[in-house]
Amino acid sequence: MTDGATTALMRKAYARWAPIYDLVYDKLTEPAARAAVNAAVACGPKVLEAGVGTGLSLGYYPRHAEVYGVDLSEDMLRRAQEKVDKRGLSHVKSLQVMDVTRLGFPDATFDAVTAQFIITLVPEPEVALAEFARVLKPGGEIVLANHWGQPSGPIAAVEEMAAPLAKAIGWSSSFKAARVEDWARSTGFMEVVELRSLFPAGFFKLMRIKKRA
């Protein structure tokens, strides 16, 4: 399947998900999303949220932040903009339709780039990570909150059996954290500085990847 066809299918899927996304994801993902936001803002005020979706985490940022959100789905972004307008989230500076593998920002623009629950769904995750690194300032961090499959053992075996179902709801157990760690090592200038288990029971994890200053 071509990248264009894959992108078109993802747009259709997100359009179907948009109306119920908040109901399904909000409470389950809130602790992990808050952890990602806090880690991102600790790097500096100017943050890119890649795959901002319906904007569930936009209200978690402090007022001094400068948040730029991008997403592939116009339907999701429309709901994110409604949140911004309704809640007066003045720290959100822009919401744009954009492919995370082709970001329309100059090099070294952001103090941090955060992607929550999306990197395992991107058809070319290493390309997206390279784009995150490109727009990141030296010394800044990529902050990922995600579910990654267990690398081995009985839980890993169960996850592999359930992989098709997990992928359907956006949580790929076949995608291991080691894939991102391998990418970081391959760059020569990105380093994983933290991999931490989060609620519920370590199902989600926070990964911080620092760009060499």
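The values are calculated or read from the model by the stated rules, or taken from the named source; none is laboratory data. Note that the structure is a prediction, hence the values are computed from the model and not measured. We place every Cβ from the backbone using ideal geometry, glycine too, and count neighbours over all the protein chains shown. With ligands, DNA and RNA removed, areas are computed over all heavy atoms of the protein, side chains included. Shrake-Rupley method; radii C 1.70, N 1.55, O 1.52, S 1.80 Å.
Descriptive notes on the structure:
- Taken together, 75, 107, 111 contain a single residue that is modelled with pLDDT of 95 or more and more than 17 Å from the chain's Cα centre (by Cα), which is 107.
- Identity of the residue in the stretch 163-178, loosely packed, with under 15 Cβ neighbours inside 10 Å and at pLDDT below 80, that ends up nearest to residue 144 (Cα to Cα): 169
- Residue 84 meets each of the listed conditions (1) among the hydrophobic types (A, V, I, L, M, F, W, C); (2) modelled with pLDDT of 95 or more; (3) within 14 Å of the chain's Cα centre (by Cα) apart from (3).
- Top-ranked residue in the stretch 179-212 [being at negative phi, of a type in the set (A, V, I, L, M, F, W, C) and modelled with pLDDT under 95; ranked as least open to solvent (accessible area, probe 1.4 Å)]: 204
- Residue ID - modelled with the lowest pLDDT, chosen from residues in the stretch 28-68 that are in a helix (DSSP H, G or I) and polar (S, T, N, Q): 29
- Residue under evaluation residue 139, criteria (1) at positive phi; (2) at pLDDT below 95; (3) open to solvent by less than 40 Å² (accessible area, probe 1.4 Å), criterion not met: (2)
- Residue within the stretch 69-85 that is assigned to a loop (DSSP other than H, G, I, E, B), more than 19 Å from residue 131 (Cβ to Cβ) and in contact (Cβ under 8 Å) with a residue 12 or more places away in the chain present: no
- In the stretch 17-27, the residues that are at pLDDT below 65 and surrounded by fewer than 17 Cβ atoms within 10 Å (Cβ to Cβ): 19, 20, 22, 23, 24
- Only residues that are at positive phi and in contact (Cβ under 8 Å) with a residue 60 or more places away in the chain were counted in the stretch 93-136, giving 1.
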